[in-house]
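Below is one structure, written out as structure tokens; the observations come after it.
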Amino acid sequence: MEGHGPPRGPRSVACPPVCGIAGCIAAPGARPDRAALERMTAALHHRGPDDRGVEVVGQVGLALARLAIVDPSPAGHQPMRSSGGGWWIAYNGEVFNHLELRRDLGPREWRGGSDTETVLAALETWGEAAIPRCNGLFAWAALDSARGRVLLVRDRFGVKPLYLAHHDGALWFASEIRALLAAGVPARARADVLAHAVAYGWAGGPQTPLEGIEVVAPGSVVEVDLERLATRGRRWYDPADAVDPERAGALGTGPRERLAADLESELRSAVRRRLMADVPVGTMCSGGLDSSLVAAFAREAHPRIVAYNASVADQPAADEGRWAEMVAGALGIELRTARMTGAEWRAGLVS
């Protein structure tokens with residue numbers, strides 16, 4: 001494994017924390033190809049330049065490229081093993097209420113301050129019931145040795161990506177398709193899915209434009225039986241279950257002033273939660289309503305927060321630089337702008 005490196009610049013509160021996870025579940029009696037896991041991790045380096053790790057535990061291989069946000073010390077290194085030894089995890093994202101979860105878990109010896117360790121302790125204590133207790137954006141692969149299974153989990157609305165593919169007698173998974181290709185999963189285009197994506201702007205269902213590669217659905221967990229290498233997917237979150245009919249009715253008939261105050265309170269609370277970090281944080285700002293509100297609430301908690309913007313100066317109709325400058329000026333915060341031409345943007349997209 002490569003050594004731990006220092007954090008590299010501010011992390012954005014408007015652009016969710018990024019790491020890259022990958023792994024392989026081999027057939028019983030076989031072991032994952034460590035070299036393939038290393039290639040997968042290298043393919044995800046752009047998502048996590050601060051640290052990387054690979055662990056092979058029996059027939060399960062876990063790998064991670066880490067962007068260090070919470071507890072950037074070596075105590076946050078992944079893949080991570082639980083204190084009881086029964087669980088391993090490769091985890092991407094951030095659980096914003098992990099300090100509350102630590103209080104719920106009760107007194108114990110913590111090795112560090114990472115939310116990864118908190119999630120592991122929660123899984124060890126509550127099992128799958130730990131998942132809905134997590135408030136955050138996440139995708140993880142957790143090995144439950146006692147029950148002979150791996151849980152592939154994705155957050156409520158699928159902010160964090162997670163793909164999987166069966167190849168060469170094993171099940172492979174990763175945060176990005178490019179990591180699956182680096183492991184040797186073939187790239188065979190599906191014309192029907194591509195046509196659907198062009199026509200409607202999304203691929204539809206669990207399918208991707210590449211044959212044999214699927215996506216774990218938002219708010220779902222895919223359980224992999226290690227003995228049979230069989231998968232079973234199920235939803236752990238349904239947006240309809242979060243609707244309180246009585247409260248919805250009260251909000252619909254209440255005064256507009258109360259609605260505005262409640263919305264502002266919820267937004268302010270959400271932004272403050274996302275400022276939890278042990279490294280400098282920043283915010284993306286286009287000058288529009290949503291990013292401007294995020295920047296304003298972030299500044300309340302961190303007066304020296306830095307805003308970031310991308311400016312395409314040779315396309316005035318699409319350029320948002322001047323609006324971002326107005327917001328930064330009004331809030332009195334620093335704005336750092338990445339300036340590029342349309343041609344440079346297209347070239348970067350292709351690469």
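Yes or no, residue by residue, for (1) out of contact with any Cys (no Cβ under 7 Å at 6 or more places or on another chain); (2) surrounded by fewer than 20 Cβ atoms within 10 Å (Cβ to Cβ):
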| residue | (1), (2) |
| --- | --- |
| His45 | yes, yes |
| Val60 | yes, no |
| Ala63 | yes, no |
| Gln78 | yes, no |
| Trp88 | yes, no |
| Asn92 | no, no |
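Would you mind telling me which numbered condition in (1) buried (at least 17 other Cβ atoms within 10 Å of the Cβ); (2) under 23 Å from the mean Cα position of the chain (by Cα); (3) over 22 Å from Gly93 (Cβ atoms) Leu349 fails? Every listed condition holds for Leu349 apart from (1). Do we have any residue at all in segment 290-304 that's at pLDDT 95 or above, of a type in the set (Phe, Trp, Tyr) and not in a strand (DSSP E or B)? Within segment 290-304, one or more residues are at pLDDT 95 or above, of a type in the set (Phe, Trp, Tyr) and not in a strand (DSSP E or B). From the list Trp236, Trp323, the lone residue that is of a type in the set (Phe, Trp, Tyr) and either in the same structural domain as Gly127 (by TED's automatic domain parsing) or surrounded by fewer than 11 Cβ atoms within 10 Å (Cβ to Cβ) (or both) is Trp236.
Return the pairs, sorted by first residue and then second, in which the second residue is of a type in the set (S, T, N, Q), the first residue lies in segment 187-210 and is assigned by TED's automatic domain parsing to the domain that holds Gly233, the beta carbons are less than 9 Å apart, and the residues are 6+ apart or on different chains. Sorted first by the residue in segment 187-210, then by its partner, the pairs are Arg190/Gln207; Arg190/Thr208; Asp192/Gln207; Val193/Gln207; Val193/Thr208; His196/Gln207. Scanning segment 79-93 for residues that are closer than 25 Å to Val281 by Cα and in contact with a helix residue (DSSP H, G or I) (Cβ under 6 Å, 6 or more places away or on another chain) yields a count of 2.
Can you tell me which residue within segment 306-323, out of those that are aliphatic (A, V, I, L, M) and not in a loop (DSSP other than H, G, I, E, B), is nearest to Ser291 (Cα to Cα)? Filtering segment 306-323 for residues that are aliphatic (A, V, I, L, M) and not in a loop (DSSP other than H, G, I, E, B), the one nearest to Ser291 (Cα to Cα) comes out as Ala307.
The set of residues in segment 135-162 being more than 21 Å from Ala27 (Cα to Cα), in contact with a strand residue (DSSP E or B) (Cβ under 8 Å, 6 or more places away or on another chain) and charged (D, E, K, R) consists of Arg154, Asp155, Lys160.
Has segment 128-149 got at least one residue that is part of a loop (DSSP other than H, G, I, E, B) and in contact with an Asp or Glu (Cβ under 7 Å, 6 or more places away or on another chain)?
Yes: one or more hits.
Restricting segment 326-346 to residues that are not in a loop (DSSP other than H, G, I, E, B) and not hydrophobic (A, V, I, L, M, F, W, C), which is surrounded by the most Cβ atoms within 10 Å (Cβ to Cβ)? Among those that are not in a loop (DSSP other than H, G, I, E, B) and not hydrophobic (A, V, I, L, M, F, W, C), it is Thr337. Looking across segment 94-110 at every residue that is modelled with pLDDT under 95 and among the acidic types (Asp, Glu), the one that is surrounded by the most Cβ atoms within 10 Å (Cβ to Cβ) is identified as Glu94.
Scanning segment 151-207 for residues that are of a type in the set (Ser, Thr, Tyr) and in contact with a Pro (Cβ under 7 Å, 6 or more places away or on another chain) yields a total of 1. Exactly one residue among Gly112, Gly61 is under 21 Å from Glu176 (Cβ atoms) and among the small types (Gly, Ala, Ser), and that residue is Gly61. Whenever a residue of segment 228-240 is closer than 18 Å to Ile25 by Cβ, its partners that are at pLDDT below 95, lying with C-beta atoms within less than 9 angstrom and at least six residues away or across chains, give the pairs Gly233/Pro206. Among residues of segment 33-58 that are in a helix (DSSP H, G or I), those with a beta-carbon under 8 Å from a residue that is surrounded by fewer than 18 Cβ atoms within 10 Å (Cβ to Cβ) at least six positions away or on a different chain give the pairs Ala36/Gly184; Ala43/Arg178.
The values are calculated or read from the model by the stated rules, or taken from the named source; none is laboratory data. Since this is a predicted model, take the numbers as computed values, not measurements. Methodologically, a virtual Cβ is constructed for each residue, glycine included, from the backbone with ideal geometry; neighbour enumeration extends over all protein chains shown.
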